[in-house]
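Each reported figure results from applying straightforward, stated rules to the coordinates on display, with no laboratory input. In this text the structure is predicted, and so the values were computed from the model without any measurement. Here Cβ is always computed from backbone atoms with ideal geometry, including for glycine, and neighbour counts include all displayed protein chains.
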Amino acid sequence: MAITVLASGTQTVSALDTQYTLDNDTDGKTIVLAIDLANMVNDDVLKINIQTKILSGDTLQDAYEAIYAHVQGQPNVYSVPVPANIEHLVRIEQTDGGTTRAYKWALLALD
Amino acid sequence: MWYLFIEIATSRLVSQGSQPVVSLPAGIKQITLGSKPPAEEMYDPATETYIPRPAPVWEDRLADIEANADYSDATQNLNAAKKAKLRNALLFLLGNARYRRQNEPVPVEGGNP
Amino acid sequence: MGRWPLYGSSRFESLGVSGSTDYGTSFTPGASDSKSGTWTQIVAATAEDASGILVIITDAQNDDALIDIAIGGAGSEKVLLSNLIFSGRDFTSIHYYFPIHIPKGTRLSVDGQNSAAAPTAMKCQIILFTQGFNPGGALGIVDTYGANTGDSGGTEIDPGGTANTKGGWTEVVASTSRPIRYINMAFGFRDTFTQTDKYYRVDLGVGASTAEKVIIGDIVFVKSSTTDIFLPSNMGFPVSIPSGSRLSVNMQSQDTDATDRLTDVVLYGVA
């Protein structure tokens, strides 16, 4: 099976401590978030959050969260595969550092 | 504000922190202080308050030596001038180890036998 | 299922030490509990991406100090590790390890503050660890909780006046700013240089007052009359603590002396 791109784009962070939704959908796929952190500089702190549901009647809850700080030596970052069979919500939030950072991203489906 | 949480039966300090507790567990009471107590104070279960921490008591190892029976016996026939010189030599040797806490051993520790 | 060796090909990079008689880069911390404001370079540019950092501080005088490690070019330093507590007696070496990512080409520097009015130079060595493909242990950022820049120490913990009985939970932080996946608990002895040989046990707890839950409990450490320092000076553990958590410490000691029994604690949460 081929890897497909469910959604992609460039998210510009214009304010700190503000959540930006990259994608919220019910594709029912195993998703991987790929995000380019090349624009991060020292003092920047970025939080990446993926929420899912276990059962169809649930509310979304945190499944994975990763925090990246300062310049990144390996800027192309991939999340772990998340089997989001019901719904997924993928967000980023910059909590420290400068603003107007642009983050290129793609939400990949492995199945 | 600072909050103390005290076991009612024993006056033991169970917890302390910056946030009050709305529903206290059974057997615990909350005391509110205006600010976190300084390091110079300590909790006293008898009064359920913070009281001044007692100042450390220092003992003088020079006095320990002078009270030693062998030392007394060896120096009892020395004149005042020689006793003063011996005292100065001991102070030189003791250096920063001259003063000890009450529960610290009299012999200076450290070094390899 | 086959195994994928995520931790293969480890290497380390030793920084700040050169030559057989060198034991670290000398730097002079600020006096009387104030940072010097002068960053001393440890390395101009790291050779490879790293997934862990070991900071080694040595000193030859009796004092308390708080040490910062920064990244970034001269004049653009940003603090990476803040207020690493150092409680020293005569000749002390303290080691801190954090599993965080540091990219290749990073300039690392050091600064600090010291409780002494005229501190002498301290030394700093840094060792970076680089793991193989997809180093699973590398985290992003270290937050410091409980440091006290007013006396170059930490949060005072009193094990109480009854020997071998926990003295009660003392809050170190009311609400953590980020989730914590690795925590380092460090100790200082508040400039008390007349210690006796005594055992301690320490609990780290999470939760509101009167509802603290022990997440790491009854860890034994000692203080020595010979060295006057706590051994070990700090210890690190993998944990899973959500952001917004209250962290507190409970402690017991064999020592009942009202001054000598006291310790300082600083927590370093890695997210």
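Consider just the alpha-carbon atoms of the range C:148-271 and return their Rg together with their Dmax, both in angstrom.
14.0, 41
Once the mean 1/r over all distinct Cα pairs of the range B:1-51 is inverted, what Kirkwood radius in angstroms do you read off?
Computed over Cα pairs of the range B:1-51, the Kirkwood hydrodynamic radius comes out at 11.2 Å.
For n ≥ 4 DSSP H runs only, could you compute -39500 (n - 2.57) per run for the protein assembly as shown, divide by its residues and tell me the 222 nm figure to the nearest 500?
That comes out to -1500 deg cm²/dmol.
If I take the Cα coordinates of the range C:51-113 and project them onto the principal axes, what are the three extents in Å, biggest first?
Projected onto the principal axes, the Cα atoms of the range C:51-113 cover 36, 25, 14 Å.
Could you give the Stokes-Einstein D for the range C:181-243 in µm² per second, using the C-alpha Kirkwood radius, 25 °C, 0.890 mPa s?
For the chosen part, D equals 186 µm²/s.
Using the Cα gyration tensor of the range C:99-190, with a ≥ b ≥ c the square roots of its eigenvalues, what is the shape: rounded (a/c below 1.5), prolate (a/b larger than b/c) or oblate (neither)?
On the way: a/c = 2.46, a/b = 1.39, b/c = 1.77.
Note, shape of the range C:99-190 comes out oblate.
Given chain C, what percent of its DSSP beta bridges are antiparallel, to the nearest 5? Before the final figure, lay out each step's value.
Numbers: 82 of 84 bridges.
Around 100 percent antiparallel, to the nearest 5.
Over chain C, what is the relative contact order in whole percent, taking alpha-carbon pairs under 8 Å and six or more residues apart? Write down the numbers at each step before the final one.
On the way: 776 pairs, mean separation 64.3, N = 271.
It rounds to 24 percent for chain C.
Over the range B:51-113, what is the relative contact order in whole percent, taking alpha-carbon pairs under 8 Å and six or more residues apart?
Working: 31 pairs, mean separation 32.9, N = 63.
Result for the range B:51-113 is 52 percent.
For chain A, with a Gaussian network of springs between Cα atoms less than 10 Å apart, report the residue from A:I67, A:I48, A:I92 with the top mean-square fluctuation.
A:I67
Quote the relative contact order of chain B in percent (integer), defining contacts as alpha-carbon pairs under 8 Å separated by 6+ residues. Mind dumping the intermediate values first?
Details: 118 pairs, mean separation 22.7, N = 113.
Answer for chain B is 20 percent.
Principal axis extents for chain A, Cα atoms only, whole Å, descending order, please.
Largest first, chain A extends 39, 30, 19 Å along its Cα principal axes.
Sticking with the crude label model, points 7 Å out along Cα→Cβ, report the distance from B:E48 to C:A121 in nm, one decimal please.
It works out to 5.7 nm between the two label points.
Once you charge only the Cβ atoms, +1 for Lys and Arg and -1 for Asp and Glu, what is the size of the charge dipole of chain A about its Cα centre, to the nearest 20 debye?
200 debye
Take C:S253, A:S79 and order them by how many other Cβ atoms sit within 10 Å, fewest up front. Don't skip to the end; give the middle numbers.
Working: C:S253 27, A:S79 18.
The order, fewest Cβ neighbours first, is A:S79, C:S253.
Note down, for the range C:21-75, the three equivalent ellipsoid semi-axes (square root of 5 times each alpha carbon gyration tensor eigenvalue), biggest first, whole angstrom. The partial results should precede the final answer.
On the way: eigenvalues 99, 45, 25 Å².
Square roots of five times the eigenvalues give 22, 15, 11 Å.
Hull surface divided by four, with the convex hull built on the Cα atoms of chain C: how many nm²? Intermediate results must be reported in sequence, preceding the final value.
Numbers: hull surface 62.8 nm².
Reported value for the Cα convex hull: 15.7 nm².
Distances over 33 Å make up what percent of all Cα-Cα pairs in the protein assembly as shown?
Here the long-distance tail beyond 33 Å is 50 percent of all Cα pairs in the protein assembly as shown.
Please give the average number of partner chain Cβ atoms lying within 10 Å of the Cβ of each residue in A:44-52, rounded to a whole number.
Per residue, the average neighbour count from other chains is 1.
Assuming a ≥ b ≥ c are the square roots of the Cα gyration tensor eigenvalues, decide whether chain B counts as rounded (a/c under 1.5), prolate (otherwise, with a/b larger than b/c) or oblate.
Cα axes put chain B in the prolate bin.
Whole angstrom only: what separates the Cα centroid of the range B:11-52 from the Cα centroid of the range C:189-228?
20 Å
Please report the net charge: other residues with Cβ closer than 11 Å to the Cβ of C:Q61, K and R +1, D and E -1.
Result for the local shell: -3.
Pick out, in residue order, every one of the chymotrypsin sites (Phe, Trp or Tyr not before Pro) in the range C:28-94 that is DSSP loop and has at most 16 other C-beta atoms within 10 Å; say none if there are none.
Hits after loop and neighbour filter: C:F91.
How long are the three semi-axes of the equivalent ellipsoid of the range C:30-187, in whole Å, if each is the root of 5 times an eigenvalue of the C-alpha gyration tensor, listed from largest down?
Output for the range C:30-187: semi-axes of 27, 21, 14 Å.
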